[in-house]
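Written out below as structure tokens is the structure these notes cover.
The values are calculated or read from the model by the stated rules, or taken from the named source; none is laboratory data. Being a predicted model, the structure only gives us computed values, none of them experimental. Don't worry about glycine lacking a Cβ; one is built from the backbone with ideal geometry, like all the others, and counts go over all protein chains shown.
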Amino acid sequence: MYDVIIIGSGPAGISASLYTARANLRTLVVTKGRGSLEKAGRIHNYYGMDPDATGLEILETGIEQARSFGVEIIEDEIVGLNTYEGLQAVGLKDSYSGRSLILAMGAPRRRLPFDGIDRFEGKGISYCVACDGFFYKGKKTAVIGYNEFMVHEAMELAGITEDITIMTNGNSIEVNEPHMHRLSGCRVISDEIKGFFGEEALEGVELRNGNRELFDGVFIAYGSASCADLAMKAGIITEKGVISTEADMQTNIPGIFAAGDCTGGLRQIASAVGKGAVAARSAISYLRAMS
């Protein structure tokens, strides 16, 4: 059991870890990669930093600093959050239990350019099987995705309905061999998607080849789970794709905080580091009050 689990190893997450570790709290950072800052060239506008430092160098320096304070860093992709019995981050490799969580996964997901996606969100299109899967018990469904995140959502949906189609939108399925058998009961459509159709509610998916596939519900698990995906699964309030927080970075669920680009606002290192520090101090105060 960790005192603090931080999801994300960018400036917000690592900044938070420095504060929680120095407060003598057992801290875990779970990361699936270094994020967009890794691709940034020279960083000239961050206080006190060598103007020739690259984004990758800044990230590596922060991670080594966190490790020097005893922060444990694990590579895994978090695909779900459980809040029913304590707080738990569910990864593809393992699950991690903590007394508090700080979500620092970076910017929200990129909107998919499918016709009708805005029109049918909440009317047949969902981003969360845990939230909405119940409504499609025994019905015809599709999961749009191509990697491990898709597999996780499809398997969760398999407990609700047997009629599941995987739609990869032209991508090859990128799933580890041990997990391939879990898709054996699913139909797979690899054609590119044009958009969604229906009247008052979703009726199906139109492919670029002109074919139309009828579905009662479609779940989008495209790419990696974003901050908004994880938040919705846990019942955390989001607004326009970013996590809603109070000034102290507390979400609507006690013990869960958020920081960085996933909370909106200025997408700069300085802003992310500051929000990470505030989230950490709030988590520390929350845990101290529980003791």
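Brief remarks on what is shown
- Among residues of region 161-185 that are over 21 Å from residue 125 (Cβ atoms), those with a beta-carbon under 9 Å from a residue that is of a type in the set (S, T, N, Q) at least six positions away or on a different chain give the pairs 172/190; 173/147; 173/190; 174/147; 175/147.
- Among the candidates 237, 269, 253, the residue that is closer than 30 Å to residue 202 by Cα, assigned by TED's automatic domain parsing to the domain that holds residue 62 and not acidic (Asp, Glu) is uniquely 237.
- Residue within region 21-32 that is of a type in the set (Gly, Ala, Ser), in contact with a Lys or Arg (Cβ under 9 Å, 6 or more places away or on another chain), at pLDDT 95 or above and not assigned by TED's automatic domain parsing to the domain that holds residue 182 present: yes
- Residues of region 139-166 satisfying the condition of being of a type in the set (Gly, Ala, Ser), outside any helix (DSSP H, G or I) and surrounded by 17 or more Cβ atoms within 10 Å (Cβ to Cβ): 142, 145
- Selection over region 247-291 of residues that are at pLDDT 95 or above, part of a loop (DSSP other than H, G, I, E, B) and among the basic types (Lys, Arg) gives a count of 0.
- Sole residue being within 30 Å of residue 170 (Cα to Cα), touching a Cys at 6+ places or on another chain (Cβ under 9 Å) and of a type outside the set (S, T, N, Q), chosen from 122, 106: 106
- Taken together, the residues in region 48-89 that are in a loop (DSSP other than H, G, I, E, B) and under 19 Å from residue 276 (Cα atoms) amount to 5.
- Every pair of residues 6+ apart whose Cβ atoms lie under 7 Å, when the first sits in region 59-72 and is assigned by TED's automatic domain parsing to the domain that holds residue 27 while the second is surrounded by fewer than 16 Cβ atoms within 10 Å (Cβ to Cβ) and modelled with pLDDT under 90: 59/38
- Whenever a residue of region 238-262 is over 21 Å from residue 99 (Cα atoms), its partners that are of a type in the set (Ser, Thr, Tyr), lying with C-beta atoms within less than 6 angstrom and at least six residues away or across chains, give the pairs 242/263.
- Checked against (1) in a helix (DSSP H, G or I); (2) modelled with pLDDT of 95 or more; (3) under 18 Å from residue 223 (Cβ atoms), residue 169 passes all but a single condition, namely (1).
- Figure legend. Inter-residue proximity from region 46-57: first residues in the same structural domain as residue 33 (by TED's automatic domain parsing) and on the phi < 0 side of the Ramachandran plot, second residues at pLDDT below 80 and assigned to a strand (DSSP E or B), beta-carbon distance below 8 Å, spacing 6+ or different chains. Indicated pairs: 51/42; 52/42; 53/42; 54/42.
- Residue within region 269-278 that is under 30 Å from residue 193 (Cα atoms), free of Cβ contacts under 8 Å to residues at least 40 places away in the same chain and among the aliphatic types (A, V, I, L, M) present: no
- Meets criteria (touching a helix residue (DSSP H, G or I) at 6+ places or on another chain (Cβ under 7 Å), in the same structural domain as residue 181 (by TED's automatic domain parsing) and of a type outside the set (D, E, K, R)) for residue 79: no
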